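Notes follow the structure.
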């Protein structure tokens, strides 16, 4: 991956879904959420310029490139042996954790979450009655929320502690009325600034998502907590009679609950299994003790968990039927969860 074109899904993984080869070049079909599928060189799939460059430094790209040799060897053995063989669970867990953390799929999700939170926050503050109730209720339950900054400001100005406390005691009973008189103007200024940022500087959200992902990858290209969690899984290679696609999240997780599949595991998820398509007929599966995978619907799960596209080895009716599923389960935090989190935050 050395250079300016960075593959967010490794080429050695994409190569397993080649429709055909020409010399050393491999080609595959790309199915997007809309439009006709197209066949292209895998050099042009899941690639973005300087995706892993952070502050003009290539450190993340260098770390990933250095690790990809051993990862490619693992994938080669899985495909050749058609079983896990003697590959350690720790190595497989590290590979799964790395793929989960490196993709554009994840970065775009961060951006979408930030946009949704900001949009809903602005809408809440623009509701004058709801915002006023929130601020006054917050002050009533946590007076230090406003009193603390006032006390700190007085101390910064050199006012002695005794005088500071006297002034605070005099002002505190009048703070709710002051806040109520000021909040509408402050809210209007805040929402105007936030709307301007979202409309005029959407790149700020992308930059925040980008920096967050790259800072994490600078620390480690495979998060240790995830590696530890995935090391406890039992790994097998599953065989499929019908062709599988490879999604833009690479890995798909099966979890307990109403939402069966996801592309990212959170602390609250009940992980049952992790799936990584290796070829159109093979997938690596790590599952928890006592759980017996029966992923007959894995092709549809891969498509549903894909945010923008999936890759396939053929242009067939089967994959055309999966195309409308793209993005149905791609959000790592769904709309209902965002609404719930903001409701809890604003109603406390």
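For the range 213-225, a residue qualifies if it is surrounded by fewer than 19 Cβ atoms within 10 Å (Cβ to Cβ), touching a helix residue (DSSP H, G or I) at 6+ places or on another chain (Cβ under 7 Å) and either free of Cβ contacts under 8 Å to residues at least 12 places away in the same chain or closer than 16 Å to residue 264 by Cα (or both), and the qualifying residues are 216, 223. For the range 210-238, which positions are assigned to a loop (DSSP other than H, G, I, E, B) and within 19 Å of the chain's Cα centre (by Cα)? Correct list: 220, 221, 222, 223.
Name every residue in the range 2-12 that is surrounded by 11 or more Cβ atoms within 10 Å (Cβ to Cβ) and out of contact with any strand residue (DSSP E or B) (no Cβ under 7 Å at 6 or more places or on another chain), in order of residue number. Answer for the range 2-12, where residues must be surrounded by 11 or more Cβ atoms within 10 Å (Cβ to Cβ) and out of contact with any strand residue (DSSP E or B) (no Cβ under 7 Å at 6 or more places or on another chain): 9, 10, 11, 12. Out of 272, 284, 325, one residue alone is closer than 19 Å to residue 14 by Cβ and modelled with pLDDT of 95 or more. It is 284.
Matching residues to (1) outside the structural domain of residue 169 (by TED's automatic domain parsing); (2) closer than 23 Å to residue 170 by Cβ; (3) at pLDDT 70 or above:
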| residue | (1), (2), (3) |
| --- | --- |
| 119 | no, no, yes |
| 135 | no, yes, no |
| 143 | no, yes, no |
| 153 | no, yes, yes |
| 159 | no, yes, yes |
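Of the residues examined, residue 293 is not one that is more than 13 Å from residue 253 (Cβ to Cβ) and either over 17 Å from the mean Cα position of the chain (by Cα) or assigned to a loop (DSSP other than H, G, I, E, B) (or both). Taken as a whole, the structure places residue 96 among residues that are in a helix (DSSP H, G or I), under 30 Å from residue 206 (Cβ atoms) and touching a helix residue (DSSP H, G or I) at 6+ places or on another chain (Cβ under 6 Å). Among the criteria (1) in contact with a helix residue (DSSP H, G or I) (Cβ under 7 Å, 6 or more places away or on another chain); (2) modelled with pLDDT of 75 or more, the one residue 180 does not fulfil is (2). When we screen 117, 84, 75, 122 for residues that are outside any helix (DSSP H, G or I), surrounded by 15 or more Cβ atoms within 10 Å (Cβ to Cβ) and in contact with a helix residue (DSSP H, G or I) (Cβ under 9 Å, 6 or more places away or on another chain), the only hit is 84.
The values are calculated or read from the model by the stated rules, or taken from the named source; none is laboratory data. On a predicted model such as this, the values are computed, not experimentally measured, just so you know. Cβ atoms come from the backbone with ideal geometry, glycine included; neighbour counts cover every protein chain shown.
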